[in-house]
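Everything on this sheet refers to the single structure shown next.
The values are calculated or read from the model by the stated rules, or taken from the named source; none is laboratory data. No experiment lies behind these values; they were computed from the predicted model shown. Quick reminder, even Gly has a Cβ in these numbers, built from the backbone with ideal geometry, and neighbours come from all protein chains shown. The area values use the complete protein model at the heavy-atom level, side chains included, leaving out ligands, DNA and RNA. Shrake-Rupley method; radii C 1.70, N 1.55, O 1.52, S 1.80 Å.
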Amino acid sequence: LKLLAGRVAGNPALLDALARECERLKSLVHPNIVRVDGFHREAGQAWIAMEYLAGGDLTQYRGRPAYEVLHLAIPVADALAYAHSTGIVHRDVKATNVLMSIDGSPRLADFGLALALEQPPDPALGAGSPYSMSPQQWSGAPTQPADDVYAFGVLLYELLSGYPPFYPDVDAAKVEGQRVPLLVSRYPVSDGVSALVHRCLEKEPARRPAMARHGPGPRRRSP
């Protein structure tokens, strides 16, 4: 259960928007996306019920070899590409928002900040997590899939090096104006993988790679 903060639970208009968004998220059926079961409110409280996963999150894999990181990250990229194809941008992709099932497969979670592409971001929902926010999110630009591509690059960078770019002090000036520090890992990282990470972290959205589906189509899960 994801319990909503009082500032959200006490805002009827925002709750209505979140309820509509949860209905959209319930339609996301993908083996690497946490299933949303529904939006509920009662006695001044509001919460989102979703699939329970007991394997922790991706932070436990920081600093691992590239082959382990890619094995976990590629399904996340596929999940993002699928969400984008339905018109939804996650807006807060990070290691703590990728949960692990007991069989070791990653599941993209917490679409609490996700919005349909045609909708402007609601300031009450927040802009995302500082380390994962693209330059465009820092500047308040409209939501776009390229924001998730940037955040996916941050995720790869963090898992390979142990820390996100600009750690421990991140701000808009660094993200918007400074070159991302060169990826350094305790394990060998191929030039191709390093180049991909830095392409995802390009300042200009058009210079980032596009998300593309890699696996089979989504399969339905039993209730």
Quick one: angle between helix 12-26 and the longest Cα principal axis of the chain, in degrees between 0 and 90, rounded to 10, please.
60
Taking only C-alpha pairs under 8 Å that are 6+ residues apart, what is the relative contact order of the chain in percent?
21
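Tell me the per residue accessible area of the chain using a 1.4 Å probe; a whole number in Å² is fine. Walk me through the intermediate numbers first.
Working: 11100 Å² over 223 residues.
That works out to 50 Å² per residue.
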Starting at the first residue of the stretch 143-150, write each ³J(HN,Hα) from the Karplus equation 6.51 cos²θ - 1.76 cosθ + 1.60 with θ = phi - 60°, in whole Hz, x for Gly and Pro.
5, 8, x, 4, 5, 5, 5, 4
Karplus-derived HN-Hα couplings along the stretch 197-202 (A = 6.51, B = -1.76, C = 1.60, θ = phi - 60°), whole Hz, x at Gly and Pro:
4, 6, 5, 4, 9, 4
For the stretch 27-35, in order, what is each residue's ³J(HN,Hα) by Karplus, 6.51 cos²θ - 1.76 cosθ + 1.60 with θ = phi - 60°, in whole Hz (x at glycine and Pro)?
7, 6, 10, 8, x, 10, 10, 4, 6
Amide H of Met50: which non-local residues (sequence gap of 5 or more, or other chain) have their own amide H closer than 5 Å, using H built in the peptide plane?
Lys2, Asp37
Where Lys and Arg each count +1 and Asp and Glu each count -1, what net charge lies around Leu1 among other residues with Cβ under 15 Å from its Cβ?
-1
Percent of accessible area on the chain owned by carbon and sulfur, 1.4 Å probe?
55
Roughly how far apart, in whole Å, are the Cα centres of the stretch 44-78 and the stretch 169-198?
21
Amide H contacts under 5 Å for Val89, placed H, 5+ residues apart:
Leu115, Leu117
